[in-house]
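Beneath this line is the structure, given in structure tokens, with notes to follow.
The values are calculated or read from the model by the stated rules, or taken from the named source; none is laboratory data. In this text the structure is predicted, and so the values were computed from the model without any measurement. Cβ: placed from backbone, ideal geometry, glycine included. Neighbour counts: every protein chain shown. The accessibility values were calculated without ligands, DNA or RNA, using every heavy atom of the protein model including side chains. Shrake-Rupley method; radii C 1.70, N 1.55, O 1.52, S 1.80 Å.
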Amino acid sequence: IERYKTKEVINRTLFISVRKNGELEGNAKALYPYVKGDKVIFAKQLPHNPLQILKAVKLICTSKVIVTDDYVKYLRYFPLRPEQRVIQLWHACGAFKKFGRSTAELKFGSSAATLDKYPNYGNLTHVTVSSPEVIWAYEEAMHLPKGIVKATGVSRTDQFYDKEFVESRKQKLYEIM
């Protein structure tokens, strides 16, 4: 693992997910077709065997851009190099529950125990959220400095603005009724 930390960073986008085997879901799946250039998917549901762990580590250490849709524990072990970026496409819209570091003592805030539990949030360089109104919740939950959390919208909901998609879903609904 140590040798991967010094390997050259490749101009590649890694989509890494621990939510499903073999394919992306949600926001990552919606964004994937629009990313140009070299890209690779590592989608393996936990637990990972030693070979899967090595593959994930190699891809993390050598990819210029890392896109994830959830907490990926491997990110905590590798300090990013200046040319690397980690983009967290949060998998939910809004902020309807406490998560990350905001769960300390069941109130919004932080504690040393919670900070130690989620050290990988410090490697995030970009976090996308559904609207400006929830930026504060993500900054707090992940202990991120201002400017990292961006209200870009949620990739998987973009299709709701596609008139052809909406019409096709209406027709499908009418057919089943």
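Things to note:
- Sparse-neighbourhood loop sites, trypsin sites (Lys or Arg not before Pro) in the range 119-177 - DSSP loop, at most 14 other Cβ within 10 angstrom: Lys146
- Protection-proxy order for peptides 1-13, 66-78, 47-59, each taking the mean of Cβ atoms within 10 Å per residue, highest first: 66-78, 47-59, 1-13
- Placing Thr157, Thr152 in order of accessible area, with the largest value first and a 1.4 Å probe, yields Thr152, Thr157.
- For the residue pairs Lys39/Lys64; Lys36/Lys170; Lys20/Lys170; Lys39/Lys172, the alpha carbons lie more than 22 Å apart in Lys36/Lys170; Lys20/Lys170; Lys39/Lys172.
- Extending 7 Å from the Cα toward the beta-carbon at both Lys146 and Glu167 defines two label points whose distance is 4.5 nm.
- Cα gyration tensor category, rounded, prolate or oblate, for the range 122-177 with a/c compared to 1.5: prolate
- Total formal charge among the other residues, if their Cβ is under 11 angstrom from that of Ala56, Lys/Arg +1 and Asp/Glu -1: +4
- Global form of the range 7-81, assessed from the alpha-carbon gyration tensor, a/c cut-off 1.5: oblate
- ³J(HN,Hα) computed for each position of the range 3-11 - Karplus, 6.51 cos²θ - 1.76 cosθ + 1.60, integer Hz, glycine/proline x: 5, 5, 5, 10, 5, 4, 7, 9, 6
- Sites Asp38 and Tyr71 - FRET efficiency at Förster radius 25 Å, r taken between beta-carbons, to 0.05: 0.50
- Amide proton proximity set for Arg12, modelled H, under 5 Å, gap of 5+: Lys64, Val65
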